[in-house]
1. Just the residues that are away from chain A (no Cβ under 14 Å) and small (Gly, Ala, Ser), please, taken from the stretch B:131-172.
2. Quickly run through the stretch A:103-135 and pick out the residues that are out of contact with any Asp or Glu (no Cβ under 9 Å at 6 or more places or on another chain) and β-branched (Val, Ile, Thr).
3. I'd like to know if the stretch B:221-228 contains one or more residues that are touching a residue at least 24 places away in the same chain (Cβ under 8 Å) and either away from chain A (no Cβ under 14 Å) or among the charged types (D, E, K, R) (or both).
4. Take the conditions surrounded by 18 or more Cβ atoms within 10 Å (Cβ to Cβ) and within 14 Å of another protein chain (Cβ to nearest Cβ) and apply them to A:VAL274. Does it pass?
5. Report every pair of residues separated by at least 6 positions or lying on different chains whose Cβ atoms are under 8 Å apart, first residue within the stretch B:250-263 and within 11 Å of chain A (Cβ to nearest Cβ) and more than 15 Å from B:PRO151 (Cα to Cα), second of a type outside the set (Val, Ile, Thr) and not in a helix (DSSP H, G or I).
6. Scan the stretch A:206-242 for residues that are without any contact (Cβ under 8 Å) to a residue 60 or more places away in the chain and assigned to a helix (DSSP H, G or I) and jot them down.
7. Looking at A:THR281, is it within 7 Å of chain B (Cβ to nearest Cβ) and among the hydroxyl-bearing types (Ser, Thr, Tyr)?
8. Exactly one condition in (1) at pLDDT 95 or above; (2) surrounded by fewer than 22 Cβ atoms within 10 Å (Cβ to Cβ) is false for B:LEU9; which is it?
Amino acid sequence: MKKFLTVFLVLAMALALLAGCGSTGDGGGGGEDSDVIRIGVFEPLTGANAAGGEIEVRGIELAHEYLGDLLGKKVELVKVDNKSDAVEAATAASRLVENEKVDIVLGSWGSTLSIAGGDAFKNSQTVAIAASATNPNVTLGNDYYYRICFLDPFQGTVLANYAYKTMGATKVGIIYETSNDYAVGLRNFFKNSYEELGGEIVAEAMYQTNDQDFNSQLMTVMAEKPDVIFAPGNYTEAALIMKQARALGYDDIKFLGGDTWETPPLIEVGGEAVEGCVITTFFDPDAPLNDMTTTFVELYREKYNEDPAAFTALGFDVYLTAYKAIEAAGSTDSEAIREALKTLEVEGCTGSIRFDENGDAIKDTAILKTVQDGKFTFLDTVKID
Amino acid sequence: MSAITSDMLLQSLANAITLGSLYALVAIGYTMVYGILRLINFAHGEIFMMSMYFAFYFVTAAMLPWYLAFLFAIACTGILGIIIERAAYRPLREAPRISLLISSIGVSYLLQNLAVVLFSGIQKQFPPVAMFQDVITIANVRIQKLSIYVPLITAVLVIVLLYLVNKTKIGMAMRASSKDFETSRLMGINVNRVIAVTFCIGSVLAAVGAIMWGLKYPKIEPYVGTLPGLKCFIAAVIGGIGNIKGAVIGALLLGFIEIFIVLFFPALSGYKDAFAFVALIVILLVRPSGLVGEKIANKV
């Protein structure tokens, strides 16, 4: 019995060790090697945002395979898991720049996680490019953080316009995730533009990441009889909110959300309850913008046999942008990359990418999608000047 | 803000009882193990998580009907509890209590990481069972059938458990062991067996709680047990850790606090979890032994 136990424990420990290695991915040994360009991938691979991280990493890997060598050197992806947690994210970011000594960082899914990692990148003067972090504070006051997606003030305006003008909603209730910088920001920007348009926010309720019971929040908000509920936050919590709303008998209330919702678990967990919800997003495979969109969609379909999500497209583009920037700079020196990013223009699969003085991509188009028959379906393209 | 209607009050009452009953099942596991080993089993939340995965795979991979799947999942969780006790706690029986505590934290991390490796970090949906999830309306209160079953199942299990602890031979052995290992051994009680049974019962209750939790909040991921585990630990302490009735009372209280804080003070809803901890601190300051806990002299 004792022997069996020893073997079991050793096996268990070996497995745990494997789990540790899994998160460093291709990184392995570390250290500097001048024949290799090391690109850090800073994403949540476990925890509440794992699905978001995974679909973004898929895009990064696809671009990595597609583009191949850079400046005559091999490119290596070094993945770290920021565990969907702000504290872990700060540690993971330090590990990337200090131990793994990567040349450039891509990610993270989730503005809260990106903001938490920001200081490590700034202090070590490593260029980081976020694929899908939409909160303004990710790049604000950080000269080394860039992003290739639109921002929340823009997204909030698009959603407010859609609610007020297209849906004809004059009363909106809000349920948002207070422990999430992204959700708090988006709620503020939505509220401002919606009230400017003449609408009224009739009720508000809050919740925390990882909460699972939203009955009270739904009841207090529904008591004010809103036309629509806007619920910025993480996708699983959103799915549970919609599910519990239907269980409480609020069958007709429509839900509106941001870009974070477009992940498979929203539909898997939410089931029929999420049908008809409307979200803003970056990309749709059925509305190709250029040749790169077509190339990307073909590559993805070949590998995964399904349609790519918007985050995968952004993952592809963020790798492409880093690749082109290093190519234009002719080296992996941070200052040279920053100089190159000033004038760089990349034709990505989510449209053309240029950066303003804050390091934000200049974008004026958002895509609206809805859930129909268990699938994210294209609704409309919105352009705002 | 409009006034809170009586419908909303009733609805919240139903929600609070359901949530409290779910907490109770898990809190009992903490309290039983503490009662006997004076150990706060930090791996309890992970046992909760594992049983959700067991149920998930018995339904999706083994394609069993839900009742068989749930039964097997509960059995597997009971066995897991025994294995954990055997591998991580029994070798430390004579070691200082703090080693046991650290061992339990180790088991907790081991199970979490094992789940990440085996089941991946991506959320899965707990298999739905229509019979539990259908919604019925009673006097304007809409509840899932589950909300009726959960308190009933909890009540039945608590009664069975109290009978087991107070009226049976093994229960008497448990109570004796919780007072004093050495003397119990001298009286011919197999303490190791008693402890194994305690872990098994605690894990089985956690499994029942986890399955009902999964039916109500259908999301599974490797960290799904952390927060319920923490809350139920608080519930057990509020009630008086080591006392089964206390755990049930503490759990119901916690359920009520969480639901009604959000209902009466929507502006504070983001701080829902904080109130659980505030309640814990207040209780510890005012009644350190918990609401129903009795003051027991420390073992020398």
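The values are calculated or read from the model by the stated rules, or taken from the named source; none is laboratory data. The shown structure was predicted, so the numbers you read here are calculated from the model rather than taken from an experiment. Cβ: placed from backbone, ideal geometry, glycine included. Neighbour counts: every protein chain shown.
1. Correct list: B:ALA155, B:GLY171.
2. Listed by number, the residues that qualify are A:ILE104, A:VAL105, A:ILE129.
3. Scanning the stretch B:221-228, I find at least one residue that is touching a residue at least 24 places away in the same chain (Cβ under 8 Å) and either away from chain A (no Cβ under 14 Å) or among the charged types (D, E, K, R) (or both), so the answer is yes.
4. Here the answer is yes, as A:VAL274 does meet what is asked.
5. The qualifying pairs are B:GLU258/A:ASP213; B:ILE259/A:ASP213; B:VAL262/A:ALA205.
6. Selection gives A:ASN215, A:SER216, A:GLN217, A:LEU218, A:MET219, A:THR220, A:VAL221, A:MET222, A:ALA238, A:ALA239, A:LEU240, A:MET242.
7. no
8. For B:LEU9, the exception is condition (1).
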